[in-house]
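The values are calculated or read from the model by the stated rules, or taken from the named source; none is laboratory data. Just so it is clear, the model here is predicted, and its values are computed rather than measured. Methodologically, a virtual Cβ is constructed for each residue, glycine included, from the backbone with ideal geometry; neighbour enumeration extends over all protein chains shown.
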Amino acid sequence: LAKPVYRTLPIATPCVVSGEGALSQGVAELVKQGIRRPVVITDTAFVDLQVFQQLLQALEAAALEYSVFSEIVPDPDFSIIERGIIHCRNHQFDGVIAIGGGSSIDATKVINPCARHNIDPRTVPGMLKLRKRGHYFMAIPTTAGTGSEATAAAVITDEHSHQKRVVISLTVVPELAVLDPSLMMGLPPAITAATGMDALTHAMESYLSRYATAKTDALNLESMARIFDHLPRAFHDGANDKEARRQMAIASHNAGVTFTRTSVGWVHAIAHQLGALYGVPHGLANAMVLPHVLAFYLPHAESRMAQMARHLGLHGSDDASLALALVEAVHKLCDQLEIRPLLTMVKEEDIPQMARNIINEAYRSPYPVPGYFGSYAELEAFIRGM
Ligand code: NAD
C-alpha cells in the first residue's frame with residue numbers, strides 16, 4: 001500500500017510539561033513566549049468545574065488579559081467554530097489555550113488559524129488544506145483518550161450532513177501540551193472508561209497499521225500495557241488514584257503521537273458512523289467496536305496480535321491462541337469497565353448507507369489496515385453481527 005504524501009512529511013511533536021504543577025509551568029511558558037491576550041477555549045460543561053477555575057487563577061496571577069470562549073460541545077460543529085473565530089478576532093488574541101477533552105482541543109485547532117488568517121473553516125477539512133499556522137497554542141487535555149494534543153488532526157461535525165469531517169494539517173499540532181493528572185481526578189467513571197478505551201484503540205490500530213515503525217511499535221506496546229494496568233484503577237477509584245490518572249495521561253498522549261503517524265483503521269471508520277447516526281460518544285463507540293474488529297483481524301494479523309498479547313503477559317501455546325487471548329482480554333477489559341460491546345442501536349435500514357460511509361472513509365484516507373472486507377455485503381453482515 002503506497003503511503004500518501006502527507007504521511008511522509010515530518011509531523012511536529014508538542015513540547016510537554018507533565019506531572020504535578022504542570023499547569024503553572026504551562027502558564028509560565030506562555031508568559032515566556034510573550035503571549036499577552038490568550039483566548040481560553042473549553043466546553044459548556046467544563047467551565048463550571050473547579051479545575052477550570054484553577055487555570056483562570058493561574059492566568060490572573062500571571063496578569064494575562066485572557067478571554068474565555070466556552071461554547072464547545074462534544075463533537076463540535078462548524079457553527080460553533082465560526083462563533084469561536086469571531087470571539088478570538090474580537091479579543092485581538094495572540095495565543096490560545098484549549099482545556100478539556102478532544103472536542104475542545106480539536107475545535108481550537110481549527111479556530112486558531114482560521115481566526116488569525118481570516119479563513120472560512122468549512123474549507124479546511126481534508127488532507128493538508130489548512131497550511132497556515134495559528135498563534136501560540138497550549139493544549140491541556142483533561143480526558144485521557146484522544147491524544148489530540150499530539151496529533152495533526154481535528155474532527156469537526158458538519159451540522160447539515162451530520163458527518164464528521166477530518167482536518168489533517170501539519171500546522172495544527174499545539175506548541176505545548178500540559179499533562180497534569182490532577183486535572184483529571186474528577187472525570188466521571190463512564191467518561192474515564194470510554195476515553196481510556198479510545199486511547200487503547202489508537203495504540204492497537206496504530207500497532208496493526210501497515211505504516212507502523214519500530215518507534216511506534218515500542219510506544220504502542222508500552223501504552224497498551226499502561227492502559228491494561230491502569231484504566232480499571234482509574235475507572236474504579238479515579239478520584240483518588242493519581243498514579244492511575246498519570247499513567248493514563250501518558251498512554252493517551254503517546255498513542256496520539258503514534259496514530260497520527262501510522263493512521264487508524266476499521267474501528268474508527270465504523271465508530272464514526274455510530275457517532276454520526278446515533279450520537280454515541282467517540283470513545284464509547286471505539287470501545288464497542290474494537291473487540292469485533294480485532295476478531296475480524298485474527299486471520300490477517302495473527303503474529304502482530306500475538307506480539308501484543310505476549311507484551312501484555314497473556315498466555316497461549318502458539319500465535320493463534322495468543323491472538324485469540326488478546327481478543328478475549330479486550331472483552332474482559334470492557335466488562336471490567338461496564339462497557340457492553342453490543343451495537344443494539346443500529347437500525348437495519350441504516351446499514352447499507354453506513355457500509356458505504358465506512359468504506360468511503362477507509363478507502364479515501366486510505367486506512368493501512370491488515371485486512372479488508374471483500375464486498376459491501378460482507379461489511380453489512382459484519383455490522384449486523386456486532
Ligand atoms: P469530549 O471532549 O467530548 O468531552 C466529553 C465530556 O467530558 C465533556 O462533557 C467534558 O466537559 C467532560 N470532561 C472533560 N474533562 C473533564 C474532567 N476532567 N472532569 C469532568 N468532566 C470532564 O470527549 P473526548 O473523548 O476527550 O473527545 C472526543 C472528541 O475528540 C470527538 O469529537 C472525537 O472525534 C475527537 N477526537 C479527536 C482526535 C484527534 O486526533 N484530533 C482523536 C480522537 C478523537
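Below, the figures for the structure above:
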{"read-out": "Lone qualifier among VAL178, VAL172 - being in a loop (DSSP other than H, G, I, E, B), of a type in the set (A, V, I, L, M) and either near the ligand (Cβ under 10 Å from one of its atoms) or surrounded by 24 or more Cβ atoms within 10 Å (Cβ to Cβ) (or both)", "value": "VAL172"}
{"read-out": "Filter result for ALA28 (surrounded by fewer than 18 Cβ atoms within 10 Å (Cβ to Cβ), modelled with pLDDT of 95 or more and more than 20 Å from CYS88 (Cα to Cα))", "value": "yes"}
{"read-out": "Any hit, the stretch 161-168, residues being surrounded by 24 or more Cβ atoms within 10 Å (Cβ to Cβ) and either in contact (Cβ under 8 Å) with a residue 60 or more places away in the chain or within 10 Å of the ligand (Cβ to nearest atom) (or both)", "value": "no"}
{"read-out": "Hey, ARG133 part of a loop (DSSP other than H, G, I, E, B) and of a type outside the set (Asp, Glu) or not", "value": "yes"}
{"read-out": "Failed item in (1) surrounded by fewer than 17 Cβ atoms within 10 Å (Cβ to Cβ); (2) closer than 16 Å to VAL178 by Cα, with THR44 passing the rest", "value": "(2)"}
{"read-out": "Enumerated strands (runs of 3 or more DSSP E) restricted to the stretch 12-103, each holding at least 3 residues that are of a type in the set (Phe, Trp, Tyr) and away from the ligand (no atom under 16 Å from the Cβ)", "value": "none"}
{"read-out": "Flag for ASP217 being over 16 Å from the mean Cα position of the chain (by Cα) and within 11 Å of the ligand (Cβ to nearest atom)", "value": "no"}
{"read-out": "Pairs where the first residue, in the stretch 179-198, is charged (D, E, K, R) and the second is more than 10 Å from the ligand (Cβ to nearest atom), C-beta under 6 Å, 6+ apart", "value": "ASP180/ALA22; ASP180/LEU23"}
{"read-out": "Close pairs (6 angstrom Cβ cut-off, 6 or more residues apart or separate chains): under 15 Å from VAL47 (Cβ atoms) in the stretch 66-89, buried (at least 20 other Cβ atoms within 10 Å of the Cβ) and among the small types (Gly, Ala, Ser) anywhere", "value": "PHE69/GLY84; ILE72/SER103; ILE72/SER104; ILE72/ALA107; PRO74/SER103; PRO76/SER103; PRO76/ALA107"}
{"read-out": "Qualifying position, being farther than 30 Å from PRO38 by Cβ and either touching a residue at least 60 places away in the same chain (Cβ under 8 Å) or small (Gly, Ala, Ser) (or both), among THR157, THR201, THR216", "value": "THR201"}
{"read-out": "Any hit, the stretch 109-117, residues being outside any helix (DSSP H, G or I) and either under 18 Å from the mean Cα position of the chain (by Cα) or modelled with pLDDT of 95 or more (or both)", "value": "no"}
